[in-house]
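K.L.:
Sharing a structure, written as structure tokens. Questions coming.
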Amino acid sequence: MAIGVFDSGLGGLTIHRALIDRFPDADFVFLGDQAKVPYGGRTGEEIVELTKAGCVTLFEQGCSVAVLACNTAASIALRRLQQTWLPGYRKALGRPVNVLGLIVPTIEAATGLPWEHEAERRGDKVEKLDILAVFSTPATAASRVYEIEIDKRRQDVAVFSQPCPELAGRIEAGAPREELAAAIQSHVKAITTGIGRSPDRAILGCTHYEIVADLFRAALPPDTPLIHQPEATAGALARYLERHAEYDPGHAGARRFLTTGRPGVQSSLVEAFWGTPLSFERA
């Protein structure tokens, strides 16, 4: 058995790295759907079907858990797959499998509260709002998942989403850092103008953005904390596996990297982030 990690492209490697650090002895299979990247401009139905196909591939490779290391897939497809597809698929497969995401851990990190918590609605005036910026793909922003779920738990946190069209695709393609820095500065300026001031905190709501987290850090005020999804997701998965012994992560430390796109060594940007060249097999 193994832990599967799925992303529309290579941004999910940021989650994958944190999971490997947390589970060094576990077996991992990473799948990047590079033939269809990016997901951010696709319809909801397309995203659901592509995400389901990726999960099937990971389960066929022996994974017991598939982690959606993609905000767009997790925000659009996860709940529907868990409710309408997984029960029948588990029965047909004849073994326990599950699909998990990174939205829940991120919201827990942003609110400081467990997912099960819902705020009591009192109607009291909030004296001071905590302004939280979310940089994401257009599809994630349109889903309003962060606004809806954080508002359920914290009335003193106001969420503002900034869609960043084409940014994930540019990162995936290994665009020059100067080009990426200019795009990120533009998105930070846009959300700051929209809010009327700088945000108090920020979420990088696309795993591709973690690859260039330093560029977001440079564009935002130095005292604006970033909520990092990789660490939050790794911690949540550790707690989940402690509660669910039926999902075996493997123990041989095996690593496989699959892609629906071009196999072989990936971009220099990925190499710089990972610290060594990564060679992918065709899925």
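All of the numbers you see were taken from the coordinates with simple rules; none came from a lab. Predicted model, so just to flag it, every value in this text is computed and none were measured. Note that each Cβ is placed from the backbone with ideal geometry, even for glycine, and that neighbours are counted across all protein chains shown.
K.L.:
Given a Förster distance of 22 Å, report the FRET efficiency between Glu271 and Ala35 from their Cβ-Cβ distance, rounded to the nearest 0.05. Walk me through the intermediate numbers first.
P.N.:
Details: r = 21 Å, r/R0 = 0.94.
About 0.60, to the nearest 0.05.
K.L.:
Continuing with this model, one more query. Per the Cauchy relation, a quarter of the hull surface: what is the mean projected area of the convex hull of the alpha carbons in segment 22-74, in nm²? Numbers along the way, then the final one.
P.N.:
Details: hull surface 16.4 nm².
Result: 4.1 nm².
K.L.:
Now, a different point. Would you grab the residues whose amide H sits under 5 Å from the one on Ser161? Only those 5+ places off in sequence or on another chain, please, with H modelled 1.01 Å from N.
P.N.:
For Ser161, the qualifying residues are Val134.
K.L.:
For the chain, with equal point scatterers placed on the C-alpha atoms only and solvent neglected, what are the log10 I(q)/I(0) values from the Debye formula at q = 0.07, 0.10, 0.11 1/Å, to two decimals?
P.N.:
For the chain, the Cα-only Debye profile gives -0.24, -0.50, -0.61.
K.L.:
Related question: Classify segment 167-283 as rounded, prolate or oblate, taking a ≥ b ≥ c as the square roots of the eigenvalues of its Cα gyration tensor: rounded when a/c is under 1.5, otherwise prolate if a/b is larger than b/c and oblate if not. Intermediate results must be reported in sequence, preceding the final value.
P.N.:
Values: a/c = 2.87, a/b = 1.37, b/c = 2.09.
Oblate, because a/c is 1.5 or more while a/b does not exceed b/c.
K.L.:
I'd like to compare 151-161, 70-80: which one has the highest average count of other Cβ atoms within 10 Å, and what's the full order after that? Before the final figure, lay out the partial values.
P.N.:
Details: 151-161: 17.9, 70-80: 26.7.
With the highest mean Cβ count within 10 Å placed first, the list reads 70-80, 151-161.
K.L.:
Moving to a separate point now. Bin width 5 Å, alpha-carbon pairs only: give the P(r) of segment 107-227 as whole percents, running from 0 to the bin holding the largest distance.
P.N.:
Whole-percent P(r) values from 0 Å outward: 2, 11, 21, 23, 19, 12, 7, 3, 1, 1.
K.L.:
As a test of the formula, what do you get for the chain when each DSSP H run with n ≥ 4 contributes -39,500 (n - 2.57) and the sum is divided by the residue count, at 222 nm and rounded to the nearest 500 deg cm²/dmol? Write out the running numbers ahead of the final one.
P.N.:
On the way: 13 runs with 128 residues, N = 283.
So the helix-based figure for the chain works out to -13000 deg cm²/dmol.
K.L.:
Based on Cβ point charges of +1 for Lys and Arg and -1 for Asp and Glu, what charge dipole magnitude is obtained for the chain about its Cα centre, in debye rounded to the nearest 20?
P.N.:
Values: 30 positive and 34 negative charges, 81 e Å.
Around 400 debye, computed over the chain.
K.L.:
Let me ask something else. Any chance you could give the angle, 0 to 90 degrees and rounded to 10, that helix 71-80 forms with the longest Cα principal axis of the chain?
P.N.:
Value to nearest ten degrees: 70.
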